[in-house]
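Participant: Just dropping this structure here.
The values are calculated or read from the model by the stated rules, or taken from the named source; none is laboratory data. Everything numeric in this text was worked out from a predicted model, so none of it was measured. Don't worry about glycine lacking a Cβ; one is built from the backbone with ideal geometry, like all the others, and counts go over all protein chains shown.
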Amino acid sequence: MRARRRGLSAQYRFPETGTRFLLYPQARTVRGFELPRLVRLAARPGTIGPGPRDARLEVIDALHKAPYRAPGTGEYVWRPPYPRSKPRRRRVRPSAQGHFDHLVPGTPAFAAAATFAAAACALDVWEHYLGRLRFRLNPRQRRFELIPRVRRLGDNAYSGVGYVEFGFAHADPRQPYCENLDVVAHEVGHHILRAVLGPTPTGETALEHKAHAEAAADLVSLVVVLHFDRVVSHLLEQTRGKLYSENVASQIGEFRDEWSGRLGARTAFHDRRLEDVARARRKGDFHAYGRPFLGAAYEVLVEIYESHLVRRELISPRLARRSSRATARARRSLRGAFAARFRLNPDGFGDALRDATADFARLLAAAWTATRGQPATFARVARNLVRADRRLTSGRYGRIIRHAFGERGIATGSRRA
């Protein structure tokens, strides 16, 4: 047991005594997530004030607000802090006990509280693996701004120095992105990554650094949502335990075509290689260029999960080998084999996925920390994943990492990034 968990932290668990909120772990249009779920933040009841706001985060439910950045170009039009003279809704107040789970879904107050809960959730989870983080702010800005609903953004969400702000799915006011943990965690993920990695470099490595940031923000989001028991149970019921598939976990984060396209799912389940996205690199499309890194990282997570299944004797080593080498034609029989094993012990599969998520997050955290101050090229981060695994687990997952990234044209053995 000591060797199995060497150097790896347990998965973050939301405290039973924390401040209560309601939020949607996925878009409420996704079947199985029509109702919000209760979450308890790390903050004690009574420490989150009206807004909601705390020492770092503040919801500003601005009215008739123009986006801080132009939707067509991403250029800054103006910057936080949001002026007190500008119109806004009243701050949402907690209950007498200091909680926010009394708010009614579908109301502006609920949207404001859900935005705060999602952002704070992302921080609670990732600070468990990374340590305390500090977000960059603008001059005269005291807290990081969360702007729940900006109609002029349309079907989009943006982040910039000192803020995140959200539009609406399909530009429909009934589907605010601020209530979707997946989208909020992606946007907050950019700020988590900047706090760890430092600013975007200039020069020829800038595009790849940005591409990594887009893929990594999706991984931040993926790890956060996999800390919700409802997501884990839904995912395993959906896939019958076989995660090499298109599912609620592999359809993660957000994809935006340059600065003007609508948001949509970016699938992590694919075999796209760097050579397949060469055109995206030439066009400067860092969103598309990051897909091979995202696909490789998702494969690492799935392989770690299957290794936990083998160690728990929930599947055989042979089934795990067949799964990783499966062709499209073989997937149907593999699904049946996984389903048969899953039916015997669904709780065991859930525990394996939770352990795998914790291992994966810890490896990412160590790799990103080691990359700080250098351009986050795909090869450098992948190489740092191998080194982190060697340090934390004596190389248990090294072969998995090298294979997943190598298959997509991302080298892990060279010292040149």
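Participant: Could you check how many residues of segment 211-234 are more than 16 Å from the chain's Cα centre (by Cα) and either buried (at least 17 other Cβ atoms within 10 Å of the Cβ) or outside any helix (DSSP H, G or I) (or both)?
Facilitator: Number satisfying all stated conditions: 1.
Participant: Return the only residue of ARG402, ARG390 being surrounded by fewer than 17 Cβ atoms within 10 Å (Cβ to Cβ) and modelled with pLDDT of 95 or more.
Facilitator: ARG390
Participant: Now for a different question. Condition first: of a type in the set (D, E, K, R) and surrounded by fewer than 22 Cβ atoms within 10 Å (Cβ to Cβ). Now tell me which residues in segment 184-202 satisfy that.
Facilitator: ARG194
Okay, residues lined up against (1) buried (at least 24 other Cβ atoms within 10 Å of the Cβ); (2) at pLDDT below 95; (3) on the phi < 0 side of the Ramachandran plot:
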{"site": "ARG142", "(1), (2), (3)": "no, no, yes"}
{"site": "ARG152", "(1), (2), (3)": "no, yes, yes"}
{"site": "HIS170", "(1), (2), (3)": "no, yes, no"}
{"site": "ASP182", "(1), (2), (3)": "yes, yes, yes"}
{"site": "GLU204", "(1), (2), (3)": "no, yes, yes"}
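Participant: Moving on. Run THR412 past the list (1) more than 18 Å from GLU204 (Cβ to Cβ); (2) assigned to a loop (DSSP other than H, G, I, E, B); (3) under 21 Å from the mean Cα position of the chain (by Cα) and report the number of the one that doesn't hold.
Facilitator: Here THR412 clears every test but (3).
Participant: Sticking with this structure for a sec: Given the residues ARG402, ARG380, which is the only one that is in the same structural domain as LEU219 (by TED's automatic domain parsing), in a helix (DSSP H, G or I) and either closer than 24 Å to GLU313 by Cβ or over 21 Å from the mean Cα position of the chain (by Cα) (or both)?
Facilitator: ARG402
Participant: Return the residues of segment 140-189 that are out of contact with any helix residue (DSSP H, G or I) (no Cβ under 7 Å at 6 or more places or on another chain), within 24 Å of VAL104 (Cα to Cα) and part of a strand (DSSP E or B); say none if nothing qualifies.
Facilitator: Hits for segment 140-189 are GLU145, ILE147, ASN180.
Participant: Using the structure shown, decide if ARG88 is in the same structural domain as TYR163 (by TED's automatic domain parsing) and under 20 Å from GLY160 (Cβ atoms).
Facilitator: yes
Participant: Further, regarding this structure: With over 27 Å from GLY198 (Cβ atoms) and either touching a residue at least 12 places away in the same chain (Cβ under 8 Å) or out of contact with any helix residue (DSSP H, G or I) (no Cβ under 8 Å at 6 or more places or on another chain) (or both) as the only criterion, which of PHE360, PHE378, PHE338 stands out?
Facilitator: PHE338
Participant: Right, something else. Need pairs with beta-carbon distance below 8 Å; first residue within 17 Å of ALA109 (Cα to Cα) and within segment 33-57, second surrounded by 14 or more Cβ atoms within 10 Å (Cβ to Cβ) and among the hydroxyl-bearing types (Ser, Thr, Tyr); sequence gap 6+ or separate chains.
Facilitator: Short answer, once both residue conditions are applied: PRO36/TYR24; ARG37/TYR24; ILE48/THR19; ASP54/THR47.
Participant: Which condition number does THR73 fail, the rest of (1) surrounded by 12 or more Cβ atoms within 10 Å (Cβ to Cβ); (2) within 25 Å of the chain's Cα centre (by Cα) being met?
Facilitator: Evaluating THR73 over (1) surrounded by 12 or more Cβ atoms within 10 Å (Cβ to Cβ); (2) within 25 Å of the chain's Cα centre (by Cα) leaves (1) as the failure.
Participant: With GLY348, GLY373 as the choices, which residue is part of a helix (DSSP H, G or I), assigned by TED's automatic domain parsing to the domain that holds LEU236 and surrounded by fewer than 21 Cβ atoms within 10 Å (Cβ to Cβ)?
Facilitator: GLY348
Participant: Right, here's the next one. When ILE315 is evaluated against the numbered criteria (1) assigned to a helix (DSSP H, G or I); (2) touching a Leu at 6+ places or on another chain (Cβ under 6 Å); (3) more than 30 Å from ASP124 (Cβ to Cβ), which criterion, by number, is the only one it fails?
Facilitator: For ILE315, the failing item is (1).
Participant: Give just the number: which of (1) under 22 Å from PHE14 (Cβ atoms); (2) assigned by TED's automatic domain parsing to the domain that holds ASP351 does LYS210 not satisfy?
Facilitator: It is condition (1) that LYS210 fails.
Participant: Please indicate, with yes or no, whether at least one residue in segment 185-192 is modelled with pLDDT under 95, within 20 Å of PRO36 (Cα to Cα), outside the structural domain of ARG279 (by TED's automatic domain parsing) and hydrophobic (A, V, I, L, M, F, W, C).
Facilitator: No, that holds for no residue.
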